[in-house]
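To start, the structure itself, in structure tokens.
The values are calculated or read from the model by the stated rules, or taken from the named source; none is laboratory data. In this text, all values refer to a predicted model and were calculated from it rather than measured experimentally. Counting neighbours? That spans all protein chains shown, and the Cβs are built from the backbone with ideal geometry, glycine included.
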Amino acid sequence: MTNQSLQRRLAAIVVADVVGYSRLMEADEVATLTNLRELRSGVIEPAVMRHNGRIFKVLGDGFLIEFGSAVDAVAAALEMQRATTAVEASGDRRLLLRVGVNLGDVIDDGSDVVGDGVNVAARLETQAAPGGICISAKVHDEIVGKIGDRFFDAGERYLKNLTRPVHVWHWPDALQSILPLPECPSIAVLPFTNMSGDEADAYFVDGLTEDLITDLSRTAGLFVIARNSVHGYKDKPVNVRLVAQELGVRYVLEGSARRAMGRVRINAQLIDALGGGHLWADRFDRTVEDVFELQDEVNAKIVEALVGRLTIPKPRNRPKNFEAYDLCVRARLLTEVSPQTEREAYMLLQRAVKLEPSYAEALGLLAYNRWLAWTHFGEPEDPNRRMAATFAQKAVDLDPNDAGCRYVLGTILAYERRWEESEAAFAKALELDPNHADTWAAKSDMSVLDGRVADGLAQIEKALRLNPYPPCWYLCHLGQAQYAARNYQAATATLRRENTYRTNSRKFLAATLAQLGHREEARREAELFLIAHPHFTIGHWLSSQPLRDASVRDHFVDGFRKAGLPEM
């Protein structure tokens, strides 16, 4: 064959493969072949045609498909997967696909398409979950802003027979999968659009959204998605039905806010994503000083529409000084980001408390800030430990009805080894707000360290249902719980996720790999962890963690030692 007969081009390649095909054929050949033919003619071929692709190879249960555009390739893959998972069949006979998508150089010899572009797509297909899609970073770069569905960063992976790691993205999120609707009315409050024309007001509008979520979540009979999980939709065009599906809720609140000339104006609409109708749409207009009354008015309308009656929880402590509120809202957005932002948040919160000494939320955040400083960000234990405990207790004394303050106090009391008081604080926080995802996540950590591993797993799963797109520390707690349960494969997958990998959790990944017998990789992860945390020792970790159960303690220490982390 001459070089002239070979055509080289850039192409988007889709590889789709039926999950468990051999098992299905063994169980019922005729039914499986019939279903496969129907899948091809009724789902795959129409999707490929609609998106300008061509099937260039069929390998029994596998399909290799070429597209001229990454956007077309992913759109076709999504269409195929949605159609396939919607097919009603018994669990044993249902055909599910794994799909891999890559953008790369291919060679067409007239009878076949080969090359790295095809090879990588085939490897990506093996990484996809049943009913899921795995794409390369090249593909993700091409579809950002052009495909409504969200893909989730799984970081770099070494794939079979490939010398270089491939950065991969997944749909849907492996943690999320398909979320069933709760039995009670469920709602997500999307970030309000800032209509002020001033970017400096963006934090105020974000704070308004957060406060609406906080107050709604305290209402009996509602299931409310946490703020972290809705923040990803900020400033993006959204398909409300798709958002509801991704978050596992029926109702979505969306709106806009404008702060100008001493007034706050909100336009909001409550949408039934399942039925497709608007429950209500309204406009609210108040002075800036009356912003809390405005929030109460919006919440009352939502609760009345969803629950059918107004169940008013005990009021939270709210500041009288609007500048103090402004500073607290700014500090919220800086929490848990980095040591630098924590210090900035500390200064803002100090100013807020100086302006209003009885501002419970600001004191609770200040307590959490000082706890993070000495437990995670390398600041001295003294005086930060004492400050954290003092601020947390004062916050709860000032506002016994704030679940956030209660959860912070519960965490700090556990680190003070005041176990029963910590348990009581967590229990009260969840009584006040059963939708408080952070409380469920923090409680999981305490349960695991207390030896109640099964409880810890259930609690972190509850947190992840309320917060499907969580901050990295949720995943660290999940990986920790999976390690404690000796589910090392699951722990490895969790701790390798891009949004938790390279954080404090890396030491747990090293321990997990060591327990799996991957000693060399475990030591490499331990070395990388120590570069970022050069003062870490097993002894210091033992003295600083609220470990109550000897078997859990010894299990973690065993993993750390096997990974080569230093004793003292």
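For the stretch 530-568, how many residues meet the condition of being surrounded by 15 or more Cβ atoms within 10 Å (Cβ to Cβ), small (Gly, Ala, Ser) and under 15 Å from Ala481 (Cα atoms)?
Residues meeting the conditions: 1.
May I ask you to list the residues in the stretch 201-215 that are touching a helix residue (DSSP H, G or I) at 6+ places or on another chain (Cβ under 8 Å) and either surrounded by fewer than 17 Cβ atoms within 10 Å (Cβ to Cβ) or of a type outside the set (S, T, N, Q) (or both)?
Pass one, the stretch 201-215, residues touching a helix residue (DSSP H, G or I) at 6+ places or on another chain (Cβ under 8 Å): 203-204, 206-215.
Tyr203, Phe204, Asp206, Gly207, Leu208, Glu210, Asp211, Leu212, Ile213, Asp215, listed by residue number.
In the set Ala137, Ala121, Ala86, which member is of a type in the set (Gly, Ala, Ser) and at pLDDT below 85? Before the answer, list the steps.
Working: Ala137 fails: at pLDDT below 85; Ala121 fails: at pLDDT below 85.
Answer to the selection: Ala86.
Select, from Arg218, Arg157, Arg164, the only residue that is in contact (Cβ under 8 Å) with a residue 12 or more places away in the chain and surrounded by fewer than 19 Cβ atoms within 10 Å (Cβ to Cβ).
Values: Arg218 fails: surrounded by fewer than 19 Cβ atoms within 10 Å (Cβ to Cβ); Arg164 fails: in contact (Cβ under 8 Å) with a residue 12 or more places away in the chain.
Criteria check complete, one pass: Arg157.
Of the conditions (1) of a type outside the set (D, E, K, R); (2) free of Cβ contacts under 8 Å to residues at least 40 places away in the same chain; (3) over 16 Å from Glu210 (Cα atoms), Trp371 clears all except one; give me its number.
Every listed condition holds for Trp371 apart from (2).
Does Ala511 qualify as being buried (at least 16 other Cβ atoms within 10 Å of the Cβ) and touching a residue at least 40 places away in the same chain (Cβ under 8 Å)?
Here the answer is yes, as Ala511 does meet what is asked.
Within the stretch 68-83, can you find the residues that are small (Gly, Ala, Ser) and either under 25 Å from the mean Cα position of the chain (by Cα) or modelled with pLDDT under 90 (or both)? Show your work before the answer.
Filtering the stretch 68-83 down to residues small (Gly, Ala, Ser) leaves 68-70, 73, 75-77, 83.
Hits for the stretch 68-83 are Ala75, Ala77, Ala83.
Which condition number does Ser22 fail, the rest of (1) more than 22 Å from Trp169 (Cβ to Cβ); (2) in contact with a strand residue (DSSP E or B) (Cβ under 8 Å, 6 or more places away or on another chain); (3) not hydrophobic (A, V, I, L, M, F, W, C) being met?
Tallying (1) more than 22 Å from Trp169 (Cβ to Cβ); (2) in contact with a strand residue (DSSP E or B) (Cβ under 8 Å, 6 or more places away or on another chain); (3) not hydrophobic (A, V, I, L, M, F, W, C), Ser22 fails exactly one: (2).
It is to be established whether one or more residues within the stretch 408-422 are under 22 Å from the mean Cα position of the chain (by Cα) and in a helix (DSSP H, G or I). Explain how you work it out, then say what you get.
At the first step, the residues of the stretch 408-422 found to be under 22 Å from the mean Cα position of the chain (by Cα) are 408, 411.
Cutting the leftovers down to in a helix (DSSP H, G or I) gives us 408, 411.
Among the residues of the stretch 408-422, at least one is under 22 Å from the mean Cα position of the chain (by Cα) and in a helix (DSSP H, G or I), which makes the answer yes.
Looking for something in a helix (DSSP H, G or I) and assigned by TED's automatic domain parsing to the domain that holds Pro130 - is there at least one such residue anywhere in the stretch 49-60?
Narrowing the stretch 49-60 to residues in a helix (DSSP H, G or I): 49-50.
Checking the rest, the ones that are also assigned by TED's automatic domain parsing to the domain that holds Pro130 come to 49-50.
Yes, the conditions are met somewhere in the stretch 49-60.
For the stretch 53-67, which positions are modelled with pLDDT of 95 or more and aliphatic (A, V, I, L, M)?
Ile55, Leu64, Ile65
Identify all residues within the stretch 339-375 that are outside the structural domain of Thr411 (by TED's automatic domain parsing), surrounded by fewer than 24 Cβ atoms within 10 Å (Cβ to Cβ) and in contact with a Phe, Trp or Tyr (Cβ under 8 Å, 6 or more places away or on another chain); write none if there are none.
Selection gives Pro339, Glu342, Val353.
Please verify whether the stretch 460-476 includes one or more residues that are crowded, with 24+ Cβ neighbours inside 10 Å, more than 30 Å from Asp149 (Cα to Cα), assigned by TED's automatic domain parsing to the domain that holds Ile412 and not small (Gly, Ala, Ser).
no
Looking at the stretch 454-474, which of its residues are among the acidic types (Asp, Glu) and modelled with pLDDT under 95? Explain how you work it out, then say what you get.
So the first thing to find is which residues in the stretch 454-474 are among the acidic types (Asp, Glu), and the list is 455, 461.
Glu461 - this is the single residue of the stretch 454-474 that is among the acidic types (Asp, Glu) and modelled with pLDDT under 95.
For the subset of the stretch 101-123 comprising residues that are farther than 17 Å from Val48 by Cβ and of a type in the set (Val, Ile, Thr), which member is farthest from the chain's Cα centre (by Cα)?
Top of the filtered list is Ile107.
Could you give me the residue pairs with C-beta distances under 6 Å whose first residue belongs to the stretch 343-356 and is under 17 Å from Ala392 (Cα atoms) and free of Cβ contacts under 8 Å to residues at least 12 places away in the same chain, whose second residue is of a type in the set (S, T, N, Q) and outside any helix (DSSP H, G or I) wherever it lies, and which are 6+ apart or on separate chains?
Going by the 6 Å Cβ cut-off, there are no qualifying pairs.
If you take the residues of the stretch 46-67 that are over 16 Å from Asp112 (Cα atoms) and under 34 Å from the mean Cα position of the chain (by Cα), which of them is surrounded by the most Cβ atoms within 10 Å (Cβ to Cβ)?
Here the answer is Val48.
So which strands (runs of 3 or more DSSP E) are wholly in the stretch 160-261 and hold at least 3 residues that are over 23 Å from Ala403 (Cβ atoms)? So that I can check it myself, show each step before the final result.
Working: elements: 166-171, 186-189, 251-260.
Result: 166-171, 251-260.
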